[in-house]
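Here, each number is a calculation from the coordinates, and none is a lab measurement. Keep in mind the model is a prediction, meaning the values are calculated, not measured. As a convention, Cβ positions derive from the backbone with ideal geometry for all residues, glycine included, and neighbour counts pool all protein chains shown.
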Amino acid sequence: MLVHICCAVDSHYFLQKLQSLHPNEKLIGFFYDPNIHPFSEYQLRLLEVQRSCKILGVELIEGEYDYEGWIDAVRGYEDEPEKGARCDICFDNRLETTAKEAVKIGEKSITTTLLTSPKKSIEQLKAVGDVIEKNYGVKFVAPDFRKDGGTCEQFVMAKEEKLYHQDYCGCIYALTKQRDQQKRLADELFSPITKQIQPESIEERIELYKKRVELEEKGVDYQIVREKFLNYRLLKALVLQNGEVIPSYFLPYSTLKRKFTKFKIQSEIKDVYFANRESIRIISLLTFNKLLESTYKNIQDIIDNPPIFDDELTARNKIINNLYSLSPIIVLKDIDQNANLKLHLDAQTYEDTRETLVTFS
């Protein structure tokens, strides 16, 4: 049986139930999810599915990440609600490809872990599966593992197995709608031009779950714990000097109340320049290099090869010895103390939670 897999939280439980229900059936996993956005989230879910299948002894095939094809398929249905017409098309897309793969490798039946997802309609999935069965001649198996407390058992198992538990279905439309309803920043869709790994970003989670796999391979006992913290995302920032944009770099947690201000440099103390407005601090590239023990040649060099986020926080704390400060700190290559300066800065701070690894050795 070829089993379409959407995520590890669903598949880890679903595959074990299938193994019990069909003990003589060889199960092959098929990770085909071009709906998942962004691609980094796709990579994270695949990483976790690979771990799950390895634990369960299930062979896994990765399908093509045909995101553009998926976007074309659901065009015109962007505003559909969860379990609406867009989901029908999405199921068609993924189950049809699963059926084609089954025919290709000689499997006689297919199913999908979407059947165990509480966010999905079993009736919708069965209707799509019936059509696929007629069109491709492969049996669509649709067990209901949610009943009799199955969903609760599934989530307990996911927690015990320390599985990555995503909090949105996968597609960009479901994500944006969900974040709008939650009045939360959809930071999953933000990727800084510096390529720096941001706190509680998908990229940070990928590094954490890769590290988790390494610890398991070494037999090191660990725990994944969650902590609340103040997160930060820089959306837009630039500095104008005498009317012209100049190269600049902003340290984390730089914020501005009204997103724009005019200012001049008022004073300088120990290589830190103080502006006459908004508690702005400016440091030179030379001072930045001293604080981070780095050798950046210019501002573009920082952007192309950014420091680790936590190292920037350390530098910030050396400039302003106050963990609660949200004052802007700007790095400029050269500082003209007589210049007329303008600052455009759009950034958000917000309450968030992040996962961290704690080892017992």
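Miscellaneous remarks
- Arranged from fewest to most other beta-carbon atoms within 10 Å of their beta carbon, Val156, Val331 become Val156, Val331.
- Subtracting the Cα-Cα distance of Val131 and Ile105 from 0.36 nm times their residue separation leaves 7.3 nm of extension gain.
- Here the calculated FRET efficiency for Lys211 and Asn321, from their Cβ-Cβ distance with R0 = 22 Å, stands at 0.10, rounded to the nearest 0.05.
- Whether region 231-359 is rounded, prolate or oblate, judged on the alpha carbon gyration tensor where a/c under 1.5 counts as rounded: prolate
- Extended-chain gain in nm, criterion 0.36 nm per residue less alpha-carbon gap, Ser284 and Ser191: 30.9 nm
- Reachable lysines, given that their alpha-carbon falls under 29 Å from the alpha-carbon of Lys126 and they are not under 8 places away in the same chain: Lys17, Lys26, Lys54, Lys83, Lys100, Lys104, Lys108, Lys134, Lys139, Lys147, Lys159, Lys177
- Correct choice for semi-axes √(5λ) of the Cα gyration tensor in Å that was computed from the model, options (i) 33, 26, 19; (ii) 49, 22, 17; (iii) 82, 31, 16: (ii)
- Cβ-based exposure ranking for Phe39, Phe140, Phe309, in which fewest neighbours within 10 Å come first: Phe39, Phe309, Phe140
- Stretch gain in nm, segment Glu227-Asp148, where the contour uses 0.36 nm per residue and the Cα spacing is subtracted: 25.1 nm
- Taking Phe145, Phe31 and counting other C-beta atoms within 10 Å, the order from fewest to most: Phe145, Phe31
- Treating r as the C-beta distance of Gln178 and Asn298 and R0 as 51 Å, the FRET efficiency rounds to 0.80.
- Each Lys and Arg Cβ is given +1 and each Asp and Glu Cβ -1; about its Cα centre, the chain then shows a dipole of about 1000 debye.
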